Amino acid sequence: MSKTLQLQVSGLSCASCVGRVETALMADPAVQAASVNLATRTAFVTYTEGGTTAAALADHVAKAGYAAEVAPTDPQIDQTAKEANALRRATMIAAALTLPVVVLEMGGHLFPAFHHLIGRTIGHQTSWIIQCVLTTLVLIGPGRVFFRAGVPALLRGAPEMNALVVLGTSAAWGYSTLALLAPGLFPAGTRAVFFEAAAVITTLILLGRWLEARAKGRTGAAIRRLAGLRPATARVIRNDKTVELPLDQVRIGDVLTVKPGERLPVDGKVTDGQSWVDESMLSGEPAPVEKTIGAAVTGGTVNGNGAFRYRATAVGEATVLSQIIQMVSQAQGAKLPVQALVDKITRIFVPIVMALSVLTVLAWLVFGPDPALAFALVAGVSVLIIACPCAMGLATPTSIIVGIGRAAEMGVLFRKGDALQSMDTVGIVAFDKTGTLTEGRPELTTLRLAPDQSRDTILPILAAVEAQSEHPIAQAILRAADDAPLPDVTDFAAITGMGARARVDGVDVLIGADRLFASRGIALGDLSAAGAEIAASGATPLYAAIAGQAVAAIGVSDPVKTTTADAIKALHERGLKVAMITGDNQTTADVIARDLGIDHVVAEVLPDGKVAALNNLRDQHGAIAFVGDGINDAPALATADVGIAVGNGTDVAIEAADVVLMSGAITGVATALSLSRATMRNIRQNLFWAFAYNAALIPVAAGVLYPLLGVTLSPMLAGGAMALSSVFVVSNALRLRTTALR
């Protein structure tokens, strides 16, 4: 049996770190899958229950050079905020120590008068000593975070971003310290110091991480808002008294009281009173829903003006809100297929950068002008700093977090993160009919009887058989019988996709589609024409036989949902084809399809036939999404490239789906598609920036422009550019929160 554990991982700084942690976790034989998210610093590990433990998994991560612990279950605990505050303090200290270094060194370069002033007063040697002391304090103080992670990584032969920063700043500091303390080691004219480069690089990267952490804190805002919907306490009736208890003390079966305007603490069923409840946090639909005795209510929703009592049916992690938070969290931590290429590149990126830095130094030493050593150091350090693959590691996960979070706020729940990418490739959307395109509550509209049969005799017999079934059509026939007394039924059996049979007062009764009667060799006679008329009107034709003789043609009509036409129009406007797959009669399906503008119709299919129909449509139109709500839709939902379940459908259908429309309105399909397209567009923008940034600036840092323009890239500018690239990627992802959907 598989189990999934979420770990909070500290020490992650770039995409190469992600790969190393995943590799370390996968080394455990019990681990089936491991996915690490750089943006959230979390790891989702699926393992064989009993085969390993959380402590063992954390130990694997520790051996890779990182720290891990079981993630807190309360999403309101914002780890990113703590990280941002710590980085802010470190950045402020580093900036205070770095400013005098920059003024002393760069001020002299920019203003000759200031350079002479230093020489006449404290002297240049003293100036360099001051710079050395202050830079050393920056490196061993705020900058020690880089050394704490980077040095062990270098010793393990697994360098990552921190290692690059350590190498770059150490090279600048070491060269400068030697120039200060042992000037005789350097040829004439080559003695120089770069203390300001080491100090400014450290400060700028800390600043970038602080800004990045602040921005990432906003990416997870959606899930924290969901978690904030739970009130801290609940009023529970205990021993005939109403007491206010912490939420974790509420038990299943407790009776709770709710006042006007309050949020409901847990899920339950109304036992007394009436009110209207705002369920927009679940469905995205603003209209309140009436709740009377027996109605189900959900924790986190907002009561209207009425007051009522209800009995708790789910508490803690079993509530709908908790399950939504868990599913959104897992989906946000998912790794999209597009990230596979990024992972492959970044795992070898850092070693390549180190090799390029060495080659750059050698090239300057061999071909560079005097002072070659100084030029070589500047270029080598610049290459190390500018090539940190932070932006590449953040490009995909930040967009996923924001996109899935916004979807949840709009009533579209992506249960599986990779559905976000799959949805973008869909060319056709196929719908189940009953309960999806229609209300799912059909009504009996026609009852045509054979000669010598009466409605008062036949309808109770039919209702007695259908009373044994939960099918919507069966319930329509049962409702039509009103409160008429029903005869006894034995040997009831549902015939999948065709109808039902039973014995009523010892006589065989058969109810179902025309194909059921054809398979049993029962002639319909004149009732066949009556069925054709029923189908032509858009209703579903069924037939009934008693003792092997056809006795009635039945017309059942399931009204189309008011939102269906708008939903199909929205999909057409987005360039998609629309199909309907149903077990209903072909003629009936054609009438509905014509009225709604549906492009393809596949009718009279059994559940396994829906799977075959999906495969055929995929061959013709490419990737396909299927929208359904019933148990018989589960195979099709699982087979489709993207399975979309209507939220008021069955649990089996929802569990088989990739996406759930919490409101039950199929207009959410177009919303899901638009969010997918916007998110993938955002990811492509981020990846382009990340790769283009490195491709363009690594050659500049190496000095390729020097022979042409006589310019090199300062390590300080390299550090600033590297930090800003990460901030850009996260900020671009945040645009998804307000991007117009189309």
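Here are the numbers:
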quantity: Any hit, segment 702-721, residues being buried (at least 19 other Cβ atoms within 10 Å of the Cβ), modelled with pLDDT of 80 or more and not β-branched (Val, Ile, Thr); calculated: yes
quantity: Whichever residue in segment 11-43 is part of a loop (DSSP other than H, G, I, E, B) and open to solvent by 20 Å² or more (accessible area, probe 1.4 Å) and, among such residues, is modelled with the lowest pLDDT; calculated: THR40
quantity: Residue that is nearest to ILE428 (Cα to Cα) [pool: residues in segment 548-567 that are of a type in the set (D, E, K, R) and surrounded by fewer than 23 Cβ atoms within 10 Å (Cβ to Cβ)]; calculated: ASP566
quantity: Extreme residue, least open to solvent (accessible area, probe 1.4 Å), among residues of segment 640-659 that are modelled with pLDDT of 70 or more and assigned to a helix (DSSP H, G or I); calculated: ALA656
quantity: Any helices (runs of 4 or more DSSP H) falling wholly within segment 93-177 and containing at least 2 residues that are touching a Pro at 6+ places or on another chain (Cβ under 8 Å); calculated: 124-140, 144-155
quantity: Candidate set: segment 500-520, residues that are within 16 Å of HIS471 (Cβ to Cβ), touching a Gly at 6+ places or on another chain (Cβ under 9 Å) and in a strand (DSSP E or B); chosen: the one most open to solvent (accessible area, probe 1.4 Å); calculated: ARG501
quantity: Residue count, segment 265-296 (criterion: under 26 Å from the mean Cα position of the chain (by Cα) and at pLDDT 90 or above); calculated: 3
quantity: Output for segment 178-215, where each listed residue is of a type outside the set (A, V, I, L, M, F, W, C), in contact with a helix residue (DSSP H, G or I) (Cβ under 6 Å, 6 or more places away or on another chain) and either open to solvent by 10 Å² or more (accessible area, probe 1.4 Å) or modelled with pLDDT of 80 or more (or both); calculated: THR190, ARG191, GLU196, THR202, THR203, ARG209, GLU212, ARG214
quantity: Whichever residue in segment 67-91 is open to solvent by less than 50 Å² (accessible area, probe 1.4 Å) and at pLDDT 85 or above and, among such residues, is nearest to ASP248 (Cα to Cα); calculated: ALA86
quantity: Conditions (1) of a type in the set (Val, Ile, Thr); (2) part of a strand (DSSP E or B); (3) closer than 27 Å to ILE458 by Cβ; (4) at pLDDT 90 or above: number failed by VAL556; calculated: (4)
quantity: Filter pass, LEU99 being among the aliphatic types (A, V, I, L, M), closer than 18 Å to GLY720 by Cβ, open to solvent by 80 Å² or more (accessible area, probe 1.4 Å) and at pLDDT 80 or above; calculated: yes
quantity: Test: residue in segment 682-689 that is open to solvent by less than 50 Å² (accessible area, probe 1.4 Å) and over 30 Å from ALA567 (Cβ atoms); calculated: yes
quantity: Meets criteria (out of contact with any helix residue (DSSP H, G or I) (no Cβ under 6 Å at 6 or more places or on another chain), in contact (Cβ under 8 Å) with a residue 24 or more places away in the chain, surrounded by 23 or more Cβ atoms within 10 Å (Cβ to Cβ) and assigned to a helix (DSSP H, G or I)) for ALA545; calculated: no
quantity: Residues being within 32 Å of the chain's Cα centre (by Cα) and touching a residue at least 60 places away in the same chain (Cβ under 8 Å) - total across segment 685-703; calculated: 7
quantity: Of residues in segment 297-308 being under 29 Å from the mean Cα position of the chain (by Cα) and of a type in the set (A, V, I, L, M, F, W, C), the one surrounded by the fewest Cβ atoms within 10 Å (Cβ to Cβ); calculated: VAL302
quantity: Any chance PHE349 is modelled with pLDDT of 80 or more and hydrophobic (A, V, I, L, M, F, W, C); calculated: no
quantity: Boolean, GLY575 is within 25 Å of GLN475 (Cα to Cα) and not acidic (Asp, Glu); calculated: no
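Residue-wise test of (1) open to solvent by 50 Å² or more (accessible area, probe 1.4 Å); (2) assigned to a strand (DSSP E or B).
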residue	(1), (2)
VAL236	no, yes
LEU245	no, yes
ILE252	yes, no
LEU256	no, yes
PRO265	no, no
VAL270	no, yes
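Here's the yes/no breakdown for (1) among the polar types (S, T, N, Q); (2) outside any helix (DSSP H, G or I); (3) open to solvent by less than 10 Å² (accessible area, probe 1.4 Å):
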| residue | (1), (2), (3) |
| --- | --- |
| TYR310 | no, yes, yes |
| THR313 | yes, yes, no |
| ALA355 | no, no, no |
| VAL366 | no, no, no |
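The values are calculated or read from the model by the stated rules, or taken from the named source; none is laboratory data. Here the structure is a predicted model, which means the values were calculated and not measured. For neighbour counting, all protein chains shown are included, and Cβ atoms are generated from backbone atoms with ideal geometry for every residue, glycine included. Ligands, DNA and RNA are stripped out before the accessible areas are found, and what is left, the full protein with its side chains, is counted by its heavy atoms. Shrake-Rupley method; radii C 1.70, N 1.55, O 1.52, S 1.80 Å.
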